[in-house]
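In what follows, a single structure is set out as structure tokens and then discussed.
The values are calculated or read from the model by the stated rules, or taken from the named source; none is laboratory data. What you see is a predicted model, and the numbers here were worked out from it, not measured in a lab. Cβ placement follows ideal geometry from the backbone for every residue including glycine, while neighbour counts extend to all protein chains displayed.
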Amino acid sequence: MPDLITVGHVLTDIRLYIDAFPKPDGEAKVEKLIFGGGGSAANVAVGASRLGVKTGFIGAIGFDTFGQVLLQELRNEGVDVNYVKVDTTQNSGLTIVAVNRHGQVKMFGFTGASDQIFPQDLNKSYISSAEHIHITGLSFNAALSVANMAREAKITVSFDPGRLMSILGLERISPLLKSVDQILLNHEESKELTGKDDLDAAAKTLLKAGPKIVIIKRGADGVFGMTREIKFKVPAQPVDVVDTTGAGDAFSAGFITAQLEGKDLKEMVEFATQVAGLKIMKMGARALPTRKDVERFLRHSKMTA
């Protein structure tokens with residue numbers, strides 16, 4: 001059985017690399033076009049698998065060619081897909097990602113079948129067999145069901161609310177936050193969720209809602225972490241940015257991997273920033289580093305320090 005199970009979206013990414021985003025009614029020449037797997041939960045499963053974690057994924061695909069390709073990609077990465085649902089009523093999810101020369105991203109998403117996971121689709125014994133559950137890109141009711149199953153089985157849960165869950169606001173998702181141990185989100189999402197721009201205030205508000213650990217990702221400004229006992233900052237890795245798509249998922253994969261290996265919280269965040277830093281140096285959400293890539297990067301960093 002997997003040590004980590006991620007639950008949420010799996011999507012096809014169509015990535016368009018352009019010089020600059022067009023103005024309204026304008027057009028941008030596409031310099032490179034790449035197809036590949038995406039979806040936040042699936043990305044975390046792949047990222048953790050590449051780092052050496054035994055992973056599984058729960059999500060939904062359509063009964064179409066895109067879905068079959070997505071499923072095979074996950075299998076090829078060593079991810080257990082025995083509990084992926086095939087939905088015959090919707091096409092597989094799709095995201096069009098535009099990336100400019102600065103590595104900045106604009107996305108256009110069709111969730112399709114990936115949103116067709118409901119509480120009755122969840123296998124409690126499978127979820128209860130893991131050491132850790134990561135939830136992202138999932139409907140509120142399904143996310144709450146997963147978190148409650150994990151909590152009942154005394155399994156740690158991390159939660160990345162993403163844009164869509166964050167805009168629901170703290171009051172709406174508070175029942176879910178009571179059942180998660182860690183919340184991983186970016187600064188904009190923390191502001192949207194709590195209504196507070198200040199990092200300390202936002203983190204304290206989230207801690208009161210239930211999670212034991214709050215991690216706020218701030219891009220080039222690094223990461224802010226807080227528990228009920230401590231708070232700290234970890235700088236971002238100084239790398240050449242090529243594509244930030246999937247950087248948050250790479251961070252989550254590194255964070256969970258380090259946790260399963262018994263590292264302390266700050267070490268978990270430091271390892272996660274290294275994984276995310278390596279990802280943004282390459283094109284694509286699935287340009288996720290292997291364990292050897294991270295170890296090579298760390299050796300090089302020590303030599304040049």
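Details
- Meets criteria (at pLDDT 95 or above, closer than 17 Å to residue 158 by Cα, surrounded by 14 or more Cβ atoms within 10 Å (Cβ to Cβ) and not β-branched (Val, Ile, Thr)) for residue 263: yes
- Of the strands (runs of 3 or more DSSP E) lying entirely inside the stretch 183-248, those containing at least 3 residues that are farther than 19 Å from residue 285 by Cβ, under 19 Å from the mean Cα position of the chain (by Cα) and of a type in the set (A, V, I, L, M) are 213-217.
- Filter result for residue 79 (of a type in the set (A, V, I, L, M), surrounded by 21 or more Cβ atoms within 10 Å (Cβ to Cβ) and under 28 Å from residue 16 (Cβ atoms)): yes
- Condition check for residue 54: surrounded by fewer than 19 Cβ atoms within 10 Å (Cβ to Cβ), touching a helix residue (DSSP H, G or I) at 6+ places or on another chain (Cβ under 7 Å) and over 30 Å from residue 240 (Cβ atoms): no
- Whichever residue in the stretch 25-53 is part of a loop (DSSP other than H, G, I, E, B) and in contact (Cβ under 8 Å) with a residue 24 or more places away in the chain and, among such residues, is farthest from the chain's Cα centre (by Cα): 28
- Qualifying residues in the stretch 274-286 (those that are at pLDDT below 90 and of a type in the set (A, V, I, L, M, F, W, C)) - the one surrounded by the most Cβ atoms within 10 Å (Cβ to Cβ): 285
- Only residues that are crowded, with 17+ Cβ neighbours inside 10 Å and in contact with a helix residue (DSSP H, G or I) (Cβ under 6 Å, 6 or more places away or on another chain) were counted in the stretch 90-121, giving 5.
- Looking only at the stretch 2-24, and only at residues there that are assigned to a loop (DSSP other than H, G, I, E, B) and under 21 Å from the mean Cα position of the chain (by Cα), the one that is nearest to residue 254 (Cα to Cα): 3
- Residue within the stretch 141-156 that is acidic (Asp, Glu) and in a helix (DSSP H, G or I) present: yes
- In the stretch 122-169, the residues that are buried (at least 24 other Cβ atoms within 10 Å of the Cβ) and of a type in the set (Asp, Glu): 160
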